[in-house]
Each structure stands twice: as structure tokens, then as C-alpha cells.
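Here the structure is laid out as C-alpha cells; the discussion comes afterwards.
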2 protein chains.
Amino acid sequence: MPRVTEDHLAARRRQILDGARRCFAQYGYESATVRRLEQTIGLSRGAIFHHFRDKDTLFFELAREDAERMAEVASKEGLIQVMRDLLAAPEQFDWLTTRLEIARKLRNDPGFRQGWAERSAELSDATTERLRRQKQAGRLRADVPSNVVHTYLDLVLDGLVARLATGDDPNTLRAVLDLVEASVRSSD
Amino acid sequence: MPRVTEDHLAARRRQILDGARRCFAQYGYESATVRRLEQTIGLSRGAIFHHFRDKDTLFFELAREDAERMAEVASKEGLIQVMRDLLAAPEQFDWLTTRLEIARKLRNDPGFRQGWAERSAELSDATTERLRRQKQAGRLRADVPSNVVHTYLDLVLDGLVARLATGDDPNTLRAVLDLVEASVRSSD
């Protein structure tokens, strides 16, 4: 494929993804209709779905981008640092709220659930690997199985998003993260 | 008011509330339209909104019933016991998911936010009072301010609902609650 076409394709995909993220953030997952996606992205549905099969495929690709970015931080500095970064980026709250809005669909729609799980795998793998290394280094408490610590951190991430979404004070939430961090750290 | 009319009123209110709870649980907050409320409750919109002003008023009354029931447990046995009870009642998961679905509305609609806060006050007050007594008795860690512990427990409740809603294993979540409980307990 000639370079100019590749660049054009990449730019078009970027335009669609950025617009879709704004649209989901503004209207929420369910209310981000195809019509609203067209308006926010500035392209016809034909052009949009030429690049992404459907609304869910678009949504999953945004989730995959999130997971990739978070996995990089989680791998080096842990999932709690990922959460501290969320607290420091209030402009992302509206988008994050979509994570809560899809809970019912995740439980009731197996295809959606699998698509979401696949796109989130990178973050999950990075966290598992980081916890393994921390445990080996004696920095993680040894009396709780790693899968329980992992589920605990996932739960705290969801809870943090929920408290942020409903308008809790970020300073109190920062103190909560300190408490969470201390609760998984080795006490030696 | 004669007794028979009072009884009739109470039964009618109960019929509406039970039907509305099923309707919200099945369709989610946004998709529980007036038409669907009519069908699930088995009464016309005229009859329903004679007893409750609008859909939000109905929803808030269900939230108030929840808060009242949870406050009773929270007051005697603490908020973590409330969460253990949730884990033991999987038939409630669909209804609980509505808690996540209103996050965007809670942030963007001040009237809705206030209505929700008023109906949740009983649980919040019961938790505050319980934490005060636990601290006084030396059973709560003294190095973290009570409001941080309170926000932490609220966050864990929301996170628990989110993990349950998306289909996490209740046994792992039970182990997570043990970890949470240990992390707020005094270590003496």
C-alpha cells in the first residue's frame, strides 16, 4: 500500500476514534446512537462503518486503547498508580462513566462480554505479571492469594470510577488509595 | 381515614413499588419507560402517578427502602456485613445494577443528585454512627480519618456492585471483603 494511502487511513481511523470517544463520553453508551456518532465524528455512517464494523467494534477499540495505555503504567508502577493517574485527569470522567453503563450488557450479552474481555486482557495480564514480581520481591503481602489481590484492585478501580462519576472529592479519594495501597503491601 | 381505605392505599403503593423494582431491574434505569412501568405494574400511568409524582420519585422511594434496610444492618453489624448480604442475594443483582446506571445523571442533574442523596442519608448516617462507636471501642484503626474510611467503604460497595454486575465469582469477592475488613480493623 503506498505511504500516502496508509497515512490517510490512519488519520481517518484516528478521526473516527476521537469523535466516537467524545460521543460516548457525552451521551453514554446506550444513547450514543449512530446518528449522534455521525454528528460528533463528522462523517457519514457509511464512512464510519467502512473502518469499524459496528458501534460495539468502535467501543471495544476505545477500550483496547485504554487498556494498552493503562497496562503500560500498571506494568511499571502498578494498578494503584493507574488509579492515581485517573484521579489527576478529571476531563476523562465522562468517558470513564461508560465503564459503569455497560455492566448490565456485560452480564446479559455473552458476545459483548467476550469482546470486552479480549480488549481488556492486556491490562489484566500486565497486572497479574506485576503482582507476581512484587510478591517475589516480598513487597506484596504473602497471606492473601494473588488472584484475590487482583480482584480487589479491579473492584477498587470500578469503585473509584463510580465515586468519581457521582462527584466525590478527589482529595478524599486520594487518601482512600493510600489506604488501599497499604492494605496490599507487605508489612515487613 | 377509614381503615379499609388505608389498607387499600398501602396495598396499592406496595403493588406499584414491587412492580417498579422489577421493571427497573429488568430494563435498567433509562429503558424503564412509563409504558414498561405500566405493563410490569399492571396499572395505568394515571393510577401509578396518582401515588408517585413521576418515574424519579418512584425510583427514589425504592432507593429509600434499600437504604432503610441496609441502614438497619449497617447500624448493628457494619457496612461490610451489608455487602456480605448482597453477595448472598444474587436475585438482587439486576436491581443493584441500576445504581451504576445513574452515575452520569447523578453528576449532571443536581435535582436528581439531591433527591438521591436525601434517600440515601439514612444509610450514610448509620455508617457514620457505627464507625464512631467502633473507633471509640478501639476496633477501628486510629491512623486514618473516619471520613476516609467511610468513603473507602462506599467505594468498595460501588465496586462490589460493579464486579457482581459484570459476573465476577462471589467466592473471590467474599475473600476480597475479608481483606477489606482486615484493612480497616485496628491491629491491636
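Screening the stretch B:138-150 for residues that are more than 7 Å from chain A (Cβ to nearest Cβ) and hydrophobic (A, V, I, L, M, F, W, C) and picking the one that is farthest from the chain's Cα centre (by Cα) gives B:Ala142.
Here is a check on your reading of the model: is A:Ala11 assigned to a helix (DSSP H, G or I) and buried (at least 18 other Cβ atoms within 10 Å of the Cβ)? Let's see the steps before the verdict.
Numbers: assigned to a helix (DSSP H, G or I): yes; buried (at least 18 other Cβ atoms within 10 Å of the Cβ): no.
Against the criterion (assigned to a helix (DSSP H, G or I) and buried (at least 18 other Cβ atoms within 10 Å of the Cβ)), A:Ala11 does not qualify.
Mind checking which residues of the stretch B:49-63 are under 15 Å from B:Phe24 (Cα atoms) and in a helix (DSSP H, G or I)? Don't jump to the end; show me each part of the working.
Narrowing the stretch B:49-63 to residues under 15 Å from B:Phe24 (Cα atoms): B:54-63.
Of everything in the stretch B:49-63, those that are under 15 Å from B:Phe24 (Cα atoms) and in a helix (DSSP H, G or I) turn out to be B:Lys55, B:Asp56, B:Thr57, B:Leu58, B:Phe59, B:Phe60, B:Glu61, B:Leu62, B:Ala63.
So, of the residues in the stretch A:131-148 that are touching a Lys or Arg at 6+ places or on another chain (Cβ under 8 Å) and under 22 Å from B:Asp168 (Cβ atoms), which turns out to be least open to solvent (accessible area, probe 1.4 Å)? Don't jump to the end; show me each part of the working.
Start the filter on the stretch A:131-148 by keeping residues that are touching a Lys or Arg at 6+ places or on another chain (Cβ under 8 Å), which leaves A:139-142, A:146.
Narrowing further to those that are under 22 Å from B:Asp168 (Cβ atoms): A:140-141, A:146.
Details: A:Leu140: 14, A:Arg141: 51, A:Ser146: 41 Å².
Among those that are touching a Lys or Arg at 6+ places or on another chain (Cβ under 8 Å) and under 22 Å from B:Asp168 (Cβ atoms), it is A:Leu140.
Checked against (1) crowded, with 18+ Cβ neighbours inside 10 Å; (2) over 28 Å from B:Leu140 (Cβ atoms); (3) of a type in the set (Asp, Glu), B:Glu91 meets all criteria but (1). For the stretch A:106-117, the count of residues that are facing chain B (nearest Cβ under 9 Å) and open to solvent by less than 20 Å² (accessible area, probe 1.4 Å) is at least one. Filtered by the rule that a residue be more than 19 Å from the chain's Cα centre (by Cα), at the interface with chain B (Cβ under 7 Å from one of its Cβ atoms), farther than 13 Å from A:Met83 by Cα and at pLDDT 90 or above, the stretch A:151-178 gives a lone residue, A:Thr172.
Scan the stretch A:48-59 for residues that are closer than 15 Å to A:Gln114 by Cβ, surrounded by fewer than 19 Cβ atoms within 10 Å (Cβ to Cβ) and either touching a Ser or Thr at 6+ places or on another chain (Cβ under 8 Å) or of a type outside the set (D, E, K, R) (or both) and the total you get is 1.
Checked against (1) free of Cβ contacts under 8 Å to residues at least 12 places away in the same chain; (2) outside any helix (DSSP H, G or I); (3) surrounded by 14 or more Cβ atoms within 10 Å (Cβ to Cβ), B:Gln81 passes all but condition (2). For the structure I just gave you, tell me whether B:Leu131 is in a helix (DSSP H, G or I), more than 9 Å from chain A (Cβ to nearest Cβ) and among the aliphatic types (A, V, I, L, M). Here the answer is yes, as B:Leu131 does meet what is asked. Here A:Tyr27 passes the criteria (1) free of Cβ contacts under 8 Å to residues at least 24 places away in the same chain; (2) aromatic (Phe, Trp, Tyr); (3) assigned by TED's automatic domain parsing to the domain that holds A:Asn171 except the one numbered (3).
Apart from one condition, B:Cys23 fits all of (1) of a type in the set (A, V, I, L, M, F, W, C); (2) closer than 15 Å to A:Arg104 by Cβ; (3) surrounded by fewer than 16 Cβ atoms within 10 Å (Cβ to Cβ); the exception is (3).
Cβ-Cβ contacts under 8 Å between residues 6 or more apart (or on different chains), taken from a first residue in the stretch B:90-107 that is among the small types (Gly, Ala, Ser) to a second residue that is open to solvent by less than 50 Å² (accessible area, probe 1.4 Å), are listed as B:Ala103/A:Thr97; B:Ala103/A:Leu100; B:Ala103/A:Glu101; B:Ala103/A:Ala162; B:Ala103/A:Ala165; B:Ala103/A:Thr166.
With the requirement that a residue be closer than 21 Å to A:Ala165 by Cβ and not aliphatic (A, V, I, L, M), what does the stretch A:24-59 give you? Once the filter is applied, which keeps residues that are closer than 21 Å to A:Ala165 by Cβ and not aliphatic (A, V, I, L, M), the stretch A:24-59 yields A:Phe24, A:Gln26, A:Tyr27, A:Gly28, A:Tyr29, A:Glu30, A:Ser31, A:Arg36, A:Thr40, A:Phe59.
The values are calculated or read from the model by the stated rules, or taken from the named source; none is laboratory data. As the structure is a prediction and not an experimental result, all values here were calculated from the model. Backbone-built Cβ (ideal geometry, glycine too); neighbour counts: all protein chains shown. Quick note on the areas: whole protein, heavy atoms, side chains included, nothing else; ligands and nucleic acids left out. Shrake-Rupley method; radii C 1.70, N 1.55, O 1.52, S 1.80 Å.
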